[in-house]
Structures are given as structure tokens and as C-alpha cells.
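Visitor: Let me give you the structure first, and then I'll get to my questions.
The values are calculated or read from the model by the stated rules, or taken from the named source; none is laboratory data. Here the structure is a predicted model, which means the values were calculated and not measured. Every residue, glycine as well, gets a Cβ built from its backbone with ideal geometry; the counts of neighbours run over all protein chains shown. All accessible areas refer to the heavy atoms of the entire protein, side chains included, with ligands and DNA or RNA removed. Shrake-Rupley method; radii C 1.70, N 1.55, O 1.52, S 1.80 Å.
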Amino acid sequence: MVARSIGIIGRSLALLGSLTTLYACASVAPSAASNAVAIVGVTVIDPSSEQPATPDQTILISDGVIREVGPSSSIAIPAGARRVDGRGKFAIPGLWDAHVHFMNTGITALPLFVANGVTSVREMGGYIDSTRAWQARMKAGTLVGPRIFTAGPILESPRYLQGVVERSNRAKSQLALRVLPYRIGVADSIGARRAVDSLVKLRVDFVKIRTSANPQAFYAILREARRVGLRVAAHQQNLPLPSALDSGQTDLEHAILPALSRLSSATRDSIYRKFVDNGAWYTPTLTVSRAVMLSGDSAERAIFSSDAIRLDERRAYASPWLLGWWRMQVDERATDTSSTRAAEGNEAYASSTSDVHRMHELGVNILAGTDAGSVLVYPGFGLHEELQRLVEDARLTPRDALWSATVGPARFARLDDRLGTLSPGKIADVVLLDADPLIDIRNTRRIFAVVQGGRVFARMDLDALLAQVRSAVAH
């Protein structure tokens, strides 16, 4: 098993390296930002406040930092500053996607996030070497992409990893080649300490658990993460959720169903309050839930057809690397007779959105994440779909949905002193919209310009990024 895994890891990293070279043309960055930028006459929206949006404001930026925000009549704009006409526009903080997997999307997804106003992401498990290389290139200005807050390798059940190898061998697929390089098997408390210590050496930002071998391994990971001061995001395990939250799990990923729907409302509320009591977070990823539960096999397989782009124009930005992963997911699910999508999809999705609504009512912190890289979840574009699902299906207000994609993830990352709001001293991540998202959350798609770390991407720059990706994935 170990020798086979090492070989798989080597082949996978070599393949990823070739893709990085192939898609280099999609990484051309615009020219560096001028020292000072003034966004003049804009209406500023603060997702952290219930106060109305403030019109006719000027946001003054220099050296990548917001220096002043105030009435346009009172802000002195330095000579030589680049002026951005914000009249009739709405400014929100740079958006986050709180659940992405770049090992599934490939490098061409990076510009797609920025083109969609997503200036930061939580990478929920991935190839740490490529992540670090991309971070270095983005810092140098030779690659356009979001700020990456990463978990590095996912902690996993060794039994699951062995099953991946067996399924890959039976199907003669690249499943193991794609999955094993960013997973660490943890069987017991000794393995938990070794795994967490290895993550510390990799300088990860938090810990991600997908499945655990047994309760002993899971609780040991939580203890070890607490020892080194790392937060833990995890899928729901085969053990009581309240116990996991009390023991140090700080974020739950994906829809918590169908188990909760079978409980009384009082019991469900007691579980939800555990999140509040422990300061834990919930990332429901409604976009992927909807795609998986409500789309049939024919809809999924249509993404590989000659009509795919006509059916959904976002398909034009999906790389061969991403489509390869999607095909493996679709093929694997086709053999899964335990799937409840056809019989229970609508009911399960309604249950999950009801969970989100009630949790929000009780004060649970909700994060907007898409699971970018999963089938029918398009990198960058999907975040706007997630915001729409939070408002239309889970019945959050547009302001609260914006909070889940700005203030919330910055706070989870312990970066809220630098990101999340348009305040003096914060990093200058700004999205300018043509219409008010507080009136209609779908207006987050109407992007006029994006500022990331003080670098201005006008609409023509964003269109150029999209064109570069589209061209790269077509070759």
C-alpha cells in the first residue's frame, strides 16, 4: 500500500506540473497598481452593520491598504492618484469562497475567482506544494488568483484510502492518482499526533478531516489540533455531533442530513445551540448539495456533451483537469446503489435549507462555501449561486448572506483585523457592483471592477482574464 501510494503521488504531481505549464497563458497579470487609488462617489455597504448603505463615499487606497473611507466632499485625493468613478456603483468587501478544492479544479480556476469578485478562499484540502508555488507567484504579481487560506492535506480514514486504491484498480481509473497525494491516513492516537505535527511543519492554516477511522482517531485529531492551536473543519462523522463540537471541532462542512430531519425540532435546536455555545461555524455548501441531490445522471452527463457550453456557458471555463475529475465522480456515483438523489433529493435539500435558516435564527455563524471542484460547481461563478441559495432557499437576508462571504470567513481565519470590511487599515479588497445587492442578492454578479490588495481590475481586465482562461482550456 505504501509503495503503491508513493508511486501514485509521484505520477500525480508530475501530471499536475505538466498542467501548470500548459495553463501558464492563463496566469498573465495586469500591470501593478499605482501607489494611490481613489474610488469616488460610491455607495459603501458594510455587511457587519445593520446601518443603511452610505452613498457618495470615497475610498482612498495606497500601498494596497484602505487609508480613508468617508464623504467624498471631505476626502482629499492625492495628486497622481488613479481615480475610479464610483457614481451609481455599490462597494462591498472582497468576497470569499469558504470551501474550494484546487486539486480538483486545476490552476486555471485561480483567475476565475478574481474575475467573479472572490479575492480570498479557504482551500479545504489540496496539493500543498502547488498551493505554495501559486501563492509565491501571486505575491510576485505573475499569477492572478485569490488569497488562499489552506488546510493542506486532508486527514482521512486509512480504510477509505485503501478502498480508493481498490476501486481505482478495478476500474483502471486515475481515481487513486487524483485522491491519494493530498490525503493522510490516521488510524489511531499515535497517527493523529504524527499527522498534526506534519501539518504544522507544512504551515497549514487549519485542519480538515473528511472521514475518521474510528472515534478514537477523530477525538485524538481534535486534541492534537488544540495542542498546536489549529482550528478543525470536518465532515459529519459517525458519532454524535454535539460531542464533536464539545471536543473541539470548530467548523462543520456540508449539509447535515438526513439524520437531523428525523429528530424533533427541540432536539435539533439543542444541537444547533451547541454550535453557538462552542463558537463553532457551519459551511452548508448548498450549491454542491443542490447539484448532487437535485440533478439527475442525464444532467450531469450533459456537461461532457457537444452541447455543454450551449446548456451552460460556464462550461467554457472548465479545464480538462476539472472535467476529468467530474467524469470520475459521475462514473463512480453511477455504480452507487445507495444514492438517494432520485427518491429523496428534493426532500433532503429542503431539509438542509431549513437547517441553515433555523441555525441562523439561533445565532450560528454561517459561511458561504461552494465545494468548487465538485460536479456542476463552477469555480468562481459558484459563489454567486451559493449567495443566491442562502437568500432564496435558506431565507437569509441579502446582508446576512454577504456577511457569510466577507466578515464571517475573515473572522474564522482570524484575519478580520485585515479583511472582511471596507475600513481604514484593512487590505484593499473591494468589489464594485453596478446594482445594489441588498435589494437583490443576484446583483453580486453585476461586477464593474475588482480591487485586490490595491490592484485594480477594471471590467476590461476582468473580461481579459475570462478570455485567457477560456482560450487556455480550449487547447
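Visitor: Would you confirm whether or not the range 200-211 contains a residue that is over 29 Å from V377 (Cα atoms) and of a type outside the set (D, E)?
Guide: Looking for residues that are over 29 Å from V377 (Cα atoms) and of a type outside the set (D, E), one finds at least one in the range 200-211, hence yes.
Visitor: For V179, all conditions in the list (1) among the aliphatic types (A, V, I, L, M); (2) open to solvent by 60 Å² or more (accessible area, probe 1.4 Å); (3) over 20 Å from V232 (Cα atoms) hold save one; what is the number of the exception?
Guide: That leaves (2) as the condition not met.
Residue-by-condition table, conditions (1) closer than 30 Å to L161 by Cα; (2) in a loop (DSSP other than H, G, I, E, B); (3) open to solvent by less than 20 Å² (accessible area, probe 1.4 Å); (4) modelled with pLDDT of 50 or more:
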| residue | (1), (2), (3), (4) |
| --- | --- |
| I8 | yes, no, yes, no |
| L13 | yes, no, no, no |
| G17 | yes, no, no, no |
| T20 | yes, no, no, no |
| A33 | no, yes, no, no |
| P52 | no, yes, no, yes |
| I59 | no, no, yes, yes |
| G70 | no, no, yes, yes |
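Visitor: Here is a further query. In the range 333-352, which residues are modelled with pLDDT of 70 or more and open to solvent by 70 Å² or more (accessible area, probe 1.4 Å)?
Guide: Hits for the range 333-352 are N346, E347.
Visitor: Report, ordered by the first and then the second residue, all pairs with beta carbons closer than 7 Å, sequence separation of six or more or different chains, a first member in the range 296-310 that is more than 15 Å from A474 (Cα to Cα), and a second member that is at pLDDT below 75.
Guide: Note: pairs meeting the criteria are G296/A342; D297/A334.
Visitor: Quick one: is V144 open to solvent by less than 10 Å² (accessible area, probe 1.4 Å), touching a helix residue (DSSP H, G or I) at 6+ places or on another chain (Cβ under 6 Å) and more than 21 Å from F206 (Cα to Cα)?
Guide: yes
Visitor: Out of curiosity, is V179 within 28 Å of W96 (Cβ to Cβ) and part of a helix (DSSP H, G or I)?
Guide: Yes; evaluated as a whole, the condition is true for this residue.
Visitor: Could I ask something else about it? Test each condition in (1) under 25 Å from D463 (Cα atoms); (2) touching a residue at least 24 places away in the same chain (Cβ under 8 Å) for V165 and report the one that comes out false.
Guide: Condition not satisfied by V165: (1).
Visitor: Can I ask one more? Go through (1) open to solvent by 10 Å² or more (accessible area, probe 1.4 Å); (2) under 24 Å from L245 (Cβ atoms); (3) of a type in the set (S, T, N, Q) for S173 and report which single condition fails.
Guide: Going through the list (1) open to solvent by 10 Å² or more (accessible area, probe 1.4 Å); (2) under 24 Å from L245 (Cβ atoms); (3) of a type in the set (S, T, N, Q), S173 breaks only (2).
Visitor: Test of understanding: among P78, P93, which residue is within 16 Å of G454 (Cα to Cα), in contact (Cβ under 8 Å) with a residue 40 or more places away in the chain and open to solvent by 20 Å² or more (accessible area, probe 1.4 Å)?
Guide: Exactly one residue qualifies, and that residue is P78.
Visitor: Which one of these does A217 not meet: (1) farther than 24 Å from V276 by Cα; (2) open to solvent by 10 Å² or more (accessible area, probe 1.4 Å); (3) in a helix (DSSP H, G or I)?
Guide: Going through (1) farther than 24 Å from V276 by Cα; (2) open to solvent by 10 Å² or more (accessible area, probe 1.4 Å); (3) in a helix (DSSP H, G or I) one by one, A217 breaks only (2).
Visitor: Six or more apart or on different chains, Cβ atoms under 9 Å: show the pairs whose first residue is in the range 395-420 and within 13 Å of G94 (Cβ to Cβ) and whose second is basic (K, R) and assigned to a helix (DSSP H, G or I).
Guide: Between residues of the range 395-420 that are within 13 Å of G94 (Cβ to Cβ) and residues that are basic (K, R) and assigned to a helix (DSSP H, G or I), the close pairs are G420/R411.
Visitor: Looking for whichever is assigned to a helix (DSSP H, G or I) and open to solvent by less than 50 Å² (accessible area, probe 1.4 Å) here; the options are Y272, Y282. Which one fits?
Guide: Of Y272, Y282, the one residue that is assigned to a helix (DSSP H, G or I) and open to solvent by less than 50 Å² (accessible area, probe 1.4 Å) is Y272.
Visitor: Only one of these is in contact (Cβ under 8 Å) with a residue 12 or more places away in the chain, polar (S, T, N, Q) and surrounded by fewer than 21 Cβ atoms within 10 Å (Cβ to Cβ): S212, S261. Name it.
Guide: Sole residue among the options that is in contact (Cβ under 8 Å) with a residue 12 or more places away in the chain, polar (S, T, N, Q) and surrounded by fewer than 21 Cβ atoms within 10 Å (Cβ to Cβ): S261.
Visitor: Can you find a residue that is of a type outside the set (S, T, N, Q), buried (at least 20 other Cβ atoms within 10 Å of the Cβ), modelled with pLDDT under 95 and in contact with a Phe, Trp or Tyr (Cβ under 9 Å, 6 or more places away or on another chain) anywhere in the range 247-256?
Guide: yes
Visitor: Are any of the residues in the range 129-138 crowded, with 24+ Cβ neighbours inside 10 Å, at pLDDT 95 or above and among the charged types (D, E, K, R)?
Guide: no
Visitor: Please list, ordered by residue number, the strands (runs of 3 or more DSSP E) wholly in the range 376-475 having 2 or more residues that are open to solvent by 10 Å² or more (accessible area, probe 1.4 Å).
Guide: 447-452, 455-458
Visitor: So which of D85, D46 ends up being within 28 Å of the chain's Cα centre (by Cα), open to solvent by 30 Å² or more (accessible area, probe 1.4 Å) and modelled with pLDDT of 95 or more?
Guide: D46
Visitor: Just to be sure before I move on: is I190 under 16 Å from G126 (Cβ atoms), among the β-branched types (V, I, T) and surrounded by fewer than 21 Cβ atoms within 10 Å (Cβ to Cβ) in the structure I sent?
Guide: Judged against the criteria, I190 is not a match.
Visitor: Name the single residue that is nearest to R418 (Cα to Cα) among those in the range 147-156 being in contact (Cβ under 8 Å) with a residue 60 or more places away in the chain and open to solvent by less than 10 Å² (accessible area, probe 1.4 Å).
Guide: A151
Visitor: Those residues that are β-branched (V, I, T) and within 22 Å of the chain's Cα centre (by Cα), I need them from the range 429-475; list them, please.
Guide: Across the range 429-475, the qualifying residues are V430, V431, I441, T444, I447, V450, V451, V469, V473.
Visitor: Among (1) surrounded by 15 or more Cβ atoms within 10 Å (Cβ to Cβ); (2) at pLDDT 95 or above, which single condition is A302 missing?
Guide: So A302 meets the others, but not (2).
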